[in-house]
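Reviewing the structure listed below.
The values are calculated or read from the model by the stated rules, or taken from the named source; none is laboratory data. Predicted model only: the values in this text are computed from it and were never measured. When we count neighbours, we look across all protein chains shown, and the Cβ atoms used for this are built from the backbone with ideal geometry, even at glycine. Remember, those area values only see protein heavy atoms, side chains included, never the ligands or the DNA or RNA. Shrake-Rupley method; radii C 1.70, N 1.55, O 1.52, S 1.80 Å.
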Amino acid sequence: MTSDDFAPGRPKVYAHRGASAAYAEHTRAAYLQAIADGADGVECDVHLTRDQHVVLLHDADLDRTSTGTGPVAEHTLEELRSLDFSSWKGARIPEAYGGVSDQFLTLPELLDILRGAGREIGLAIELKHPSPYRLKLEDRVLALLEEEGWTPEDSRLENIRISFMSFDTDSVQRLLRSVPKEYICQLVDDFTVKELREELGLGFLTGSAVANVMRATQLEAERVLDEGEVVIAGPGIDYIREHARNVQRWLDAGRIFRVWTVDSEKDVALCQGLGIHEITTNKPAQVLKQLMVSS
């Protein structure tokens with residue numbers, strides 16, 4: 001990935017799970033709206049179903065974003081298609097974006113949507129872990145893309161520029177066996193024990209134990225970026241604020257930065273001031289408007 005891949009004068013804008021402030025995340029409506037908004041790319045999260053289909057969902061379970069319940073990995077694709085993944089958002093879906101039953105997507109269906117964009121567009125695929133299928137997730141995603149016509153050397157599929165992301169360093173190492181490092185993003189997060197306990201409802205000892213594991217994961221992700229094993233750095237916006245030295249060191253070393261999730265005007269301005277290359281946002285139209293005005 002070179003500087004030629006980036007729009008001059010402003011960061012590229014990736015729609016986080018589609019235009020997910022407008023429509024339910026990972027739905028057909030959210031991705032079609034992101035394209036209509038002019039997003040330079042879109043981001044998605046993937047899991048494997050029980051029958052080994054690659055589907056677009058953030059959570060490992062169905063409870064938050066569907067009428068179903070339980071782990072995604074314990075359901076077949078047919079079972080998932082019977083659920084409603086959009087009504088929880090409370091947004092009316094335009095007829096052109098399909099009905100409720102059309103909103104759930106597999107990865108091949110997202111590729112078809114992006115093929116129809118009528119222009120170059122990026123796709124950032126996050127491989128979600130822990131997965132009960134472990135690194136079979138990576139193998140299945142790469143095999144599926146190759147079946148669709150993706151070429152790993154330039155990581156392209158027709159008009160789609162594809163990159164891969166994970167917080168899990170084992171996932172990143174598996175991807176590096178098949179994909180050039182220019183197209184792989186090591187995600188890195190910032191957290192506190194207090195935040196973990198509050199978010200997950202954990203007691204002090206359990207929260208501390210989980211924090212130790214996550215801290216080790218964070219350190220390993222930072223090592224991957226320090227040593228240049230991948231080209232793309234994927235910190236959250238909180239990490240950008242709290243770890244200025246790491247950010248500057250990686251920028252100086254030529255890492256390409258993809259920062260998530262950047263929705264406020266203040267955070268967009270911070271990223272632009274730092275020279276961040278890509279912004280991932282739930283609000284692509286709003287962020288693009290701000291960037292156009294300030295560039």
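Quick notes on this one:
- Ranked by the mean number of other Cβ atoms within 10 Å of their residues, highest first, the peptides 42-48, 96-102, 26-32, 118-124 come out as 26-32, 42-48, 118-124, 96-102.
- Non-local Lys pairs in the chain, i.e. 8 or more apart or on different chains, that have alpha carbons under 23 Å apart: 12
- A simple spin-label model places the labels of Gln248 and Asp170 3.7 nm from each other, with each point 7 Å out along Cα-to-Cβ.
- Ranking Thr67, Gly149, Pro11 by Cα position along the charge dipole of the chain, where only Lys, Arg, Asp and Glu carry charges on their C-beta atoms, puts Pro11 farthest toward the positive end.
- Here the relative contact order of the chain, from alpha carbon pairs under 8 Å that lie six or more residues apart, stands at 21 percent.
- Residue order by solvent-accessible surface for Met165, Met214 is Met214, Met165, largest first, with ligands and nucleic acids left out and a 1.4 Å probe.
- Applying D = kT/(6 pi eta Rh) to the chain, where Rh is the Kirkwood radius over alpha-carbon pairs, T corresponds to 20 °C and eta to 1.002 mPa s, the Stokes-Einstein value obtained is 110 µm²/s.
- Accessible surface of the chain, 1.4 Å probe, proportion on carbon and sulfur as whole %: 50 percent
- Where the Cα pairs of the stretch 42-132 fall when distances are cut into 5 Å bins, in %: 3, 13, 23, 24, 20, 12, 5, 1
- When both the stretch 71-116 and the stretch 274-295 are represented by their alpha-carbon centers, they are found 27 Å apart.
- For the chain, adding -39500 (n - 2.57) for each run of n ≥ 4 DSSP H residues and dividing by the number of residues yields -11000 deg cm²/dmol at 222 nm.
- The Cα atoms of the stretch 125-184 cover 31, 21, 16 Å along the three principal axes, with the biggest extent listed first.
- Computed with a 1.4 Å probe over protein heavy atoms only, the accessible surface of the chain comes to 45 Å² per residue.
- The stretch 52-190 shape via C-alpha gyration tensor axes, a/c threshold 1.5: oblate
- Percent antiparallel among DSSP beta bridges (both partners in the chain, rounded to 5): 20 percent
- The chain: DSSP helices with Cα axial extent of at least 27 Å and average Kyte-Doolittle hydropathy no lower than -0.5: 204-226
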